[in-house]
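Read through the structure below, which is laid out as structure tokens, and then see the notes.
The values are calculated or read from the model by the stated rules, or taken from the named source; none is laboratory data. Fair warning: this is a prediction, and the values are worked out from it, not measured in the lab. Here Cβ is always computed from backbone atoms with ideal geometry, including for glycine, and neighbour counts include all displayed protein chains.
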Amino acid sequence: MDWYGTVLPVVPIELQLGTMIARDQQHRLRATLEAIDPSRLDIAMLRRTVADRQIMASGSRIPTVLLDLL
């Protein structure tokens, strides 16, 4: 990300969402989803994140808005 000529390293939101799901951080996850437009997520990256963390198999609670995208 470029901010007035300074490059800022960022973690893709899809990876952050995967981490929040895996850690069962429901409050943080809910707040993040309210602040973003889920339709603009990189679906391939989100699927890869969920698969890499074995989130579906772990029984983690995935918000419906994200399940619909997966």
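Of the residues making up region 20-41, just one is modelled with pLDDT under 90 and of a type in the set (Ser, Thr, Tyr), namely Ser39. The criterion of being more than 11 Å from the chain's Cα centre (by Cα), surrounded by fewer than 14 Cβ atoms within 10 Å (Cβ to Cβ) and farther than 15 Å from Leu67 by Cα holds for Asp2.
Could you go through region 34-57 and let me know if any residue there is surrounded by 11 or more Cβ atoms within 10 Å (Cβ to Cβ), among the acidic types (Asp, Glu), at negative phi and assigned to a loop (DSSP other than H, G, I, E, B). Checked against the condition, which is being surrounded by 11 or more Cβ atoms within 10 Å (Cβ to Cβ), among the acidic types (Asp, Glu), at negative phi and assigned to a loop (DSSP other than H, G, I, E, B), region 34-57 yields at least one hit.
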